[in-house]
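Below is one structure, written out as C-alpha cells; the observations come after it.
The values are calculated or read from the model by the stated rules, or taken from the named source; none is laboratory data. Note that the coordinates shown come from a computational prediction; the quantities given were computed from them, not determined experimentally. Every residue, glycine among them, receives a Cβ derived from its backbone with ideal geometry; neighbour counts consider all protein chains shown. Remember, those area values only see protein heavy atoms, side chains included, never the ligands or the DNA or RNA. Shrake-Rupley method; radii C 1.70, N 1.55, O 1.52, S 1.80 Å.
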Amino acid sequence: MTKKTRPNKKIDKRVVLFIIFFRMLLMLAIIGTIISGNWMNFFNAILTLLLTFIPSIIAKKNNIYLIPEFHLIILIFLFASQYFGEFHDYYEKYWWWDILLHIFSGVMLGFVGFMLVYIFNREKKISVALSPIFIAIFSFTFALSIGALWEIYEFIMDSCFGRNMQKSGLVDTMWDLIVDSLGALFASITGYLYIKSGRETYATKLMEKFLLKNLDNEI
C-alpha cells in the first residue's frame with residue numbers, strides 16, 4: 001500500500017467565481033432584509049451564507065478532494081432553494097419549484113449514499129463484501145431518511161416559530177417525501193446498473209471521478 005496521494009486541493013476557478021457571485025448576492029440580501037426589517041429572512045440569509053463555507057470545511061477537515069462539479073452542484077442547490085426559493089418567493093410563485101428541488105435533493109443524496117457505501121465496499125481493509133442490491137437499497141434509504149429529517153425540521157419551524165414551510169401540512173409533507181423517494185430511486189437504480197453492468201451515465205462518471213481522486217492507490 002502506498003501512501004495516500006491527493007490531488008491539488010485548489011478550488012476550480014468556476015467554483016470560485018460562483019462562490020463570490022453567490023456570496024455577494026447574499027450580502028445584498030442581508031442588507032435588504034435589515035432595511036426592510038424582515039428578520040426571519042435576515043437569519044435565513046446569514047445561515048445560507050454560512051452554509052456556502054461548509055463543503056470546503058468538511059472536505060478539508062476529512063482530507064477529501066471535492067471535485068469542482070460536486071462543489072458547483074451543492075452551491076447551485078443552495079442558490080436555488082434559498083436565494084430564489086426563500087428570498088424571491090419562488091416556492092409561492094411557482095408550484096413546481098419545491099417539487100423540482102425535492103427531486104433534485106433526492107437524486108443528490110441518493111448518489112451521496114451510494115458513494116459512501118461503495119467506498120467502504122471497495123476498501124480492502126474491510127472484509128465485508130456487499131452486494132449491488134444492498135448498496136442500492138442503502139443509497140435509497142439514506143436519501144429518504146435525510147428527506148424525512150428535513151420534514152421534521154419544517155414541522156418544528158412551523159410549530160415553534162410560526163413559519164409556513166409545510167404549506168398545506170400533511171399533504172405537502174407526503175408529496176415532498178414521495179418526490180424525494182422518486183429522486184432517490186433514480187439514483188439507486190443508476191448506481192445498481194453501474195455496478196452490475198458498468199453502464200455509465202454522466203452521474204456515474206462524476207462518481208467515478210470523485211472515487212478515483214479520493215480512494216487509496218493500491219500497488
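Results, tabulated for the structure shown:
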quantity	calculated
In the stretch 24-40, the residues that are open to solvent by 60 Å² or more (accessible area, probe 1.4 Å) and touching a residue at least 24 places away in the same chain (Cβ under 8 Å)	M40
First in the stretch 49-65 and closer than 15 Å to L116 by Cα, second anywhere and among the aliphatic types (A, V, I, L, M) and open to solvent by less than 70 Å² (accessible area, probe 1.4 Å), Cβ under 8 Å, 6 or more apart	I58/I64; A59/L66; Y65/A59
Qualifying positions in the stretch 105-123 - of a type in the set (F, W, Y) and crowded, with 18+ Cβ neighbours inside 10 Å	F111, F114, Y118
Test result for F186, open to solvent by 80 Å² or more (accessible area, probe 1.4 Å), outside any loop (DSSP other than H, G, I, E, B) and at pLDDT 85 or above	yes
Enumeration of residues in the stretch 43-62 that are hydrophobic (A, V, I, L, M, F, W, C) and within 18 Å of M27 (Cβ to Cβ)	F43, A45, I46, L47, L49, L50, L51, F53, I54
Residues located in the stretch 168-177, provided they are open to solvent by less than 40 Å² (accessible area, probe 1.4 Å) and assigned to a loop (DSSP other than H, G, I, E, B)	G169
Residue ranges of helices (runs of 4 or more DSSP H) in the stretch 62-150 with at least 3 members modelled with pLDDT under 90 and touching a Pro at 6+ places or on another chain (Cβ under 8 Å)	68-78
Scope the stretch 142-167; condition β-branched (V, I, T) and loosely packed, with under 15 Cβ neighbours inside 10 Å; matching residues	I152, I156
